[in-house]
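Asker: Sharing a structure with you now.
The values are calculated or read from the model by the stated rules, or taken from the named source; none is laboratory data. None of these values were measured; they are calculated from a predicted model. Please note: Cβ atoms are built from the backbone with ideal geometry, for glycine as well, and neighbour counts cover all protein chains shown. Surface areas here come from the heavy atoms of the whole protein model, side chains and all, with no ligands, DNA or RNA. Shrake-Rupley method; radii C 1.70, N 1.55, O 1.52, S 1.80 Å.
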Amino acid sequence: MKLVYKELDKDGEGTICVIPEEPEDMWHAYNLISEGDSVRGFTIRKVQSESSTGSSTSSRVRTTLTISVENIEYDTQACMLRLKGRNIVENQYVKMGAYHTLDLELNRKFTLRKHEWDSVSLERIETACDPAKNADVAAVIMQEGLAHVCLITPSMTLIRAKIDTSIPRKRKNFPQQHDKGLIKFYDNVLQALLRHISFDIVKCVLIASPGFVRDQFLEYVFQTAIKTDNKVLLENKGKFMLVHASSGFKHSLREVLQDSAVVAKMADTKAAGEVKALEKFYTTLQLEPDKAFYGKKHIERAIESMAIETLLISDSLFRCRNFALRKEYVQIVDAVKEMGGEVKIFSSMHISGEQLEQLTGIAAI
């Protein structure tokens, strides 16, 4: 995300103008914009004009609109934010107070004004505008006939492709039918891998499955790469890593990301840090239950005792519609940081964030 300008007064009120440049930036924007904020951006408006003869013509005009946000929708597939609200700045095409929808898209500048920029929002702006991006990880979770190609970005787990192919059973006298089906399946997975994974960004590609499916698939990948002289695959051979998974379903990604060898390989990604922190919380809850708490009331009591070492909190709590409650969660984060504790903000669209949400979205060691 590119920061165009930032104007904040000493009370925390102010405006920030940014240009989202990557899909990840739209996720940051979704977490930054709250109901009640005002957003200025470009929009296309259909305008009807009447001529002196009485005939009417309609045309589409490009205009800049400022709305007070009432509703926010995030489309992960189109990588777009749809904001709905009332127009609050005079415009020649849209009446004051009229409802309008503003679409925020990649590489399109927008300006966000808040009555109060809290510490969590300011930290997110810093993270989003940090050019030193964390490494991304790709994963292929598979079993015979089923595979999921996933991208694990610093903030979320995205399923980019699902391959579901029926493979004939292995029969004593006709093994070739099974083998043909398997090769067709491997080829579909490989095509999805090449289509959705950018090896310029991805530092590690996890191939996970039960049994020997992962080994056979990787062998097929590099046999095909040699046959077709695919330089991209051959040059990135060292990025592939074979890991055990209990099935080819998405939930198996959790156990894959907890594998110690995978954690070491992903050491420089935010995703790994979240998985590690959550795993530590579960272990503490099991072995030393007096040191692990979840739920807002318990966390607040632990803060009073200045007893928090690590706070785990889901970003969905900062999108809470109740402004006073949202402020309370920000105060919790600030209090833990003040006492020298570590704060880990989990993404609700990452597999570890989904798990944390099952524990009320807030936990602490």
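Asker: Out of the stretch 326-354, which residues are assigned to a helix (DSSP H, G or I) and modelled with pLDDT under 90?
Answerer: Result: Arg326, Lys327, Ile351, Ser352, Gly353, Glu354.
Asker: When you scan the stretch 90-99, do you find a residue that is open to solvent by less than 100 Å² (accessible area, probe 1.4 Å), part of a strand (DSSP E or B) and either of a type outside the set (Lys, Arg) or not assigned by the TED database to the domain that holds Pro20 (or both), even just one?
Answerer: Checked against the condition, which is being open to solvent by less than 100 Å² (accessible area, probe 1.4 Å), part of a strand (DSSP E or B) and either of a type outside the set (Lys, Arg) or not assigned by the TED database to the domain that holds Pro20 (or both), the stretch 90-99 yields no hits at all.
Asker: Of the residues Leu233, Leu218, Leu242, Leu257, only one is open to solvent by less than 10 Å² (accessible area, probe 1.4 Å), outside the structural domain of Leu278 (by the TED database) and modelled with pLDDT of 90 or more; which?
Answerer: One residue alone meets the criteria, Leu233.
Asker: Which of the residues belonging to the stretch 1-51 are assigned to a strand (DSSP E or B), open to solvent by 10 Å² or more (accessible area, probe 1.4 Å) and within 24 Å of Ser347 (Cβ to Cβ)?
Answerer: Of everything in the stretch 1-51, those that are assigned to a strand (DSSP E or B), open to solvent by 10 Å² or more (accessible area, probe 1.4 Å) and within 24 Å of Ser347 (Cβ to Cβ) turn out to be Lys2, Leu3, Lys6, Ile19.
Asker: Find the residue count for the stretch 315-325, including only residues that are in contact (Cβ under 8 Å) with a residue 40 or more places away in the chain and outside any helix (DSSP H, G or I).
Answerer: 1
Asker: So, one more: Taking the stated definitions as given, is Arg113 charged (D, E, K, R) and more than 25 Å from Ile345 (Cβ to Cβ)?
Answerer: No.
Asker: Another question, if that's okay. From Ile167, Ile159, which residue is surrounded by 17 or more Cβ atoms within 10 Å (Cβ to Cβ) and in contact with a helix residue (DSSP H, G or I) (Cβ under 7 Å, 6 or more places away or on another chain)?
Answerer: Of Ile167, Ile159, the one residue that is surrounded by 17 or more Cβ atoms within 10 Å (Cβ to Cβ) and in contact with a helix residue (DSSP H, G or I) (Cβ under 7 Å, 6 or more places away or on another chain) is Ile167.
Asker: Quick check on my filter: what residues within the stretch 287-302 are open to solvent by 30 Å² or more (accessible area, probe 1.4 Å) and under 18 Å from Thr360 (Cβ atoms)?
Answerer: Within the stretch 287-302, Pro289, Lys291, Phe293, Tyr294, Lys296, Lys297, His298, Glu300, Arg301 meet the criteria.
Asker: How many residues are in contact with a Leu (Cβ under 7 Å, 6 or more places away or on another chain) and aliphatic (A, V, I, L, M) when one looks only at the stretch 74-122?
Answerer: Counting residues in the stretch 74-122 that are in contact with a Leu (Cβ under 7 Å, 6 or more places away or on another chain) and aliphatic (A, V, I, L, M) gives 7.
Asker: Determine the pairs where a residue that is of a type in the set (Val, Ile, Thr), located within the stretch 34-47, has a partner that is at pLDDT 90 or above and not in a strand (DSSP E or B) with Cβ atoms under 9 Å apart, the partner being 6 or more residues away or on another chain.
Answerer: Once the first residue is of a type in the set (Val, Ile, Thr) and sits in the stretch 34-47, its partners that are at pLDDT 90 or above and not in a strand (DSSP E or B) give Val39/Ile33.
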